[in-house]
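Below is one structure, written out as structure tokens; the observations come after it.
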Amino acid sequence: EDEKNTVFDMEMQVHIKRNLAKRMRYYQGMIDLNILEKGGDYNELKKSYVIFICTFDPYGQGRHLYSFEYLCDQDPSLTFGDETVKIILNTKGTMDDVSPKMKRLLEYIDGQAASDEFTRELDDAVQSVRRNEKWRLDYMTLQQEYREKYNEGLEAGIEQGIERGIEQGLERGIKILYCDIHMTIPEIAAKMSITEQQVGKIVEKFRKKEEK
């Protein structure tokens, strides 16, 4: 966030198959939610830029820079005015469409040698980080925590899915036995090896739905 309260979110993208537009939409949503979760009103949403630096040309036009804002379909001179901008920087660009400084930066990101004062400073910083064993350890620890949290969330999701599937299966089975075959609640409980109270709750749901 700069001194004008403009928010910038910059991400590296190296996988061609990712849906960049939807990913940008996600990051934009995270920026706005972060502001609103702190108690802000939607009128306090700040001007924001989501910037993706891609090591591939997502649109195949040879541009170093693709920028997007919402425009009116009927009159493109009208902007939507929500103060959100999406920018894609392409390290594989061929056009003369950005400043020489920006072009040298994109070339450096693409793997070429540092060629001016800024990229040399950047390269020094990169090499310093690579030599910093504590940073590397912290980074690897953070990666492991992310993996563990992801696996925990995945396992919980699968477990919830199984539980929900069993619940839906019970409801369908009881509905058939009660509504179509006209078995009593005790008969259904005995047949399905569950309590009469469980059967009664599900039957009550059916009755309420029918009343509506």
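Just so it is clear, none of the values below were taken in a lab; they were calculated from the coordinates. The structure presented is a predicted model; accordingly, all values stated were derived computationally and were not measured. Every residue, glycine as well, gets a Cβ built from its backbone with ideal geometry; the counts of neighbours run over all protein chains shown.
Maximal additional length on extending the residue 1-residue 19 stretch stands at 3.9 nm, based on 0.36 nm per residue less the C-alpha distance.
Computed about the Cα centre, the dipole magnitude for the chain is approximately 680 debye when only Lys and Arg (+1) and Asp and Glu (-1) carry charge, each at its Cβ. Computed from the coordinates I sent, Rg/Rh (Cα atoms, Kirkwood Rh) equals one of (1) 1.21; (2) 0.95; (3) 0.99. Tell me the label. Structure-derived value, by its label: (1). For region 1-100, averaging the sequence separation of C-alpha pairs within contact (under 8 Å, six or more residues apart) and dividing by the residue count gives a relative contact order of 30 percent.
GluC sites (Glu not before Pro) within region 32-81: which are DSSP loop residues with at most 14 other Cβ atoms inside 10 Å?
Working: sites: 37, 44, 69; in loops: 69.
Here the sparse-neighbourhood loop sites are 69.
For the pair residue 184 and residue 35, the difference between a 0.36 nm per residue extended length and the Cα-Cα distance amounts to 48.1 nm. Projected label points at residue 139 and residue 72, each 7 Å from Cα along the beta carbon direction, are separated by 4.8 nanometres.
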